[in-house]
Amino acid sequence: KNQVEQSPQSLIILEGKNCTLQCNYTVSPFSNLRWYKQDTGRGPVSLTIMTFSENTKSNGRYTATLDADTKQSSLHITASQLSDSASYICVVSRGVGGSASKIIFGSGTRLSIRP
Amino acid sequence: ETGVTQTPRHLVMGMTNKKSLKCEQHLGHNAMYWYKQSAKKPLELMFVYNFKEQTENNSVPSRFSPECPNSSHLFLHLHTLQPEDSALYLCASSHLLREMDEQYFGPGTRLTVT
């Protein structure tokens, strides 16, 4: 069954600290993996996208990794800021584009940054 | 802003009301989507339109009726909803075969059914 599982479900850290969010997937055939940031009451916004051949990609203080062999991805946030408080959603696509039914969403990790 | 707008942002309606949600994309995309997001659950795909034609309906109850008059506009008509339909409804758009079909989301409509 094609699934995307994220951990932890929620996380609270102090401002300035680093954190790592995990994503495990059983999606096949794999096309690409995205991390989205979703602020409360807003739509998700893409942070990174990685294909099979990429194992790391950065976007400012966000660094995503991908291990296609173990089917795991992580999102590392460096020097967290209060504005990083949001839900982070891992999304895996099957096949080669086309139908949105080939996109599988994780349940997200709710990150809270405390001052 | 992502180039995808949704109105209204908040909606409270009774179970006997009829209302419509509107989505507009200014990105030149050719596919549009409706998603339902309930608390602590993954996004649920509801409908997909490719080039104004509905290509997917993920077993959505008939009290939700989509309409796509052109590739820039998408509506979700609501009638006789149930309290469990309360959720954030997100619209998204993408360009098929470009950018790995990356979807751009609107801000959502927070729907409360009383």
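Where a number appears in this text, it was derived from the coordinates with a stated rule and is not lab data. Because the structure is a prediction, the values reported are computed rather than measured. Here the Cβ is made from the backbone with ideal geometry for all residues, glycine too, and neighbour counts use every protein chain on show.
Side notes on the structure shown:
- Tally, over region B:9-62, of residues that are more than 13 Å from every other protein chain (Cβ to nearest Cβ), surrounded by fewer than 14 Cβ atoms within 10 Å (Cβ to Cβ) and under 23 Å from residue B:83 (Cα atoms): 7
- From A:10, A:53, A:28, A:58, residue being more than 24 Å from residue B:101 (Cα to Cα) and not aromatic (Phe, Trp, Tyr): A:10
- All strands (runs of 3 or more DSSP E) inside region B:1-112 with 1 or more residues being under 30 Å from residue A:11 (Cβ atoms): B:4-7, B:10-13, B:31-37, B:44-50, B:87-94
- Enumeration of residues in region A:10-40 that are at the interface with chain B (Cβ under 8 Å from one of its Cβ atoms) and either farther than 17 Å from residue B:44 by Cα or surrounded by fewer than 16 Cβ atoms within 10 Å (Cβ to Cβ) (or both): A:31, A:32
- Filtered residues of region A:10-31 (kept if within 26 Å of residue B:39 (Cα to Cα) and assigned to a strand (DSSP E or B)): A:10, A:11, A:12, A:13, A:14, A:19, A:20, A:21, A:22, A:23, A:24, A:25
Every residue, every condition in (1) of a type outside the set (D, E, K, R); (2) within 11 Å of another protein chain (Cβ to nearest Cβ); (3) free of Cβ contacts under 8 Å to residues at least 60 places away in the same chain, yes or no:
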residue	(1), (2), (3)
A:42	no, yes, yes
A:49	yes, yes, yes
A:55	yes, no, yes
A:63	yes, no, yes
A:67	no, no, yes
A:74	yes, no, yes
A:84	no, no, yes
A:93	yes, yes, no
A:105	yes, yes, no
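- Single residue of B:61, B:69, B:8 found to be over 24 Å from residue A:90 (Cα atoms) and out of contact with any strand residue (DSSP E or B) (no Cβ under 9 Å at 6 or more places or on another chain): B:61
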